[in-house]
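Student: Following this message is one structure expressed as structure tokens.
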Amino acid sequence: MFEPFQKLLPLAAQKKNISREWLAIKVCQDFRTILLEIFTTQKEIAQYVQPAFYKDSILHINVENSAWAQEIIMKKEQILKELNKKIGKNLVKSLRTQLTRPAEKLNFT
């Protein structure tokens with residue numbers, strides 16, 4: 001019988017001692033999915049809000065401006081609940097937003 005590929009990846013990551021890295025990737029990917037589910041009326045949110053990294057039970061999120069940061073903060077509890085539900089464990093304890101500018105708007109001259 002065939003096993004789904006998604007079930008094999010965590011086992012392979014564990015064998016190669018990269019379980020933490022695999023978990024961080026999964027948290028960030030699941031955040032992207034949850035984001036679109038929660039903000040159904042704001043399809044453009046994926047352009048302005050991106051997961052940066054996951055460390056010490058905190059998901060760090062890059063946002064383009066303070067308005068998007070406020071949107072994330074207002075829905076923080078819902079995001080955490082849905083994210084941990086999708087992961088299957090209560091791993092993400094908090095979210096932190098940090099302002100970043102899009103690369104095309106940076107001026108390096």
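Student: Here are the criteria: (1) of a type in the set (D, E, K, R); (2) modelled with pLDDT under 90; (3) part of a helix (DSSP H, G or I). Tell me which single one residue 71 does not satisfy.
Tutor: Here residue 71 meets the rest and fails (2).
Student: Please go through the stretch 45-67 and give me each residue that is in contact with a Phe, Trp or Tyr (Cβ under 7 Å, 6 or more places away or on another chain), more than 16 Å from residue 91 (Cβ to Cβ) and touching a residue at least 24 places away in the same chain (Cβ under 8 Å), ordered by number.
Tutor: Matches in the stretch 45-67: 45, 63, 64.
Student: From the residues in the stretch 27-59 that are modelled with pLDDT of 90 or more and of a type in the set (D, E, K, R), which one is surrounded by the fewest Cβ atoms within 10 Å (Cβ to Cβ)?
Tutor: Of everything passing the filter in the stretch 27-59, 56 is surrounded by the fewest Cβ atoms within 10 Å (Cβ to Cβ).
Student: List the number of the failed condition for residue 76; all other conditions in (1) within 13 Å of the chain's Cα centre (by Cα); (2) at pLDDT below 95; (3) closer than 17 Å to residue 91 by Cα hold.
Tutor: (2)
Student: Then there is this: Residue 104: assigned to a helix (DSSP H, G or I), modelled with pLDDT under 85 and exposed (fewer than 11 other Cβ atoms within 10 Å of the Cβ), yes or no?
Tutor: In short, yes.
Student: Show the residue pairs meeting these rules: Cβ distance below 8 Å; 6+ apart or different chains; first residue within the stretch 28-44 and without any contact (Cβ under 8 Å) to a residue 12 or more places away in the chain and among the hydroxyl-bearing types (Ser, Thr, Tyr); second residue surrounded by 13 or more Cβ atoms within 10 Å (Cβ to Cβ) and part of a loop (DSSP other than H, G, I, E, B).
Tutor: none
The values are calculated or read from the model by the stated rules, or taken from the named source; none is laboratory data. Keep in mind that this is a model prediction, so the values were computed, not measured. As a convention, Cβ positions derive from the backbone with ideal geometry for all residues, glycine included, and neighbour counts pool all protein chains shown.
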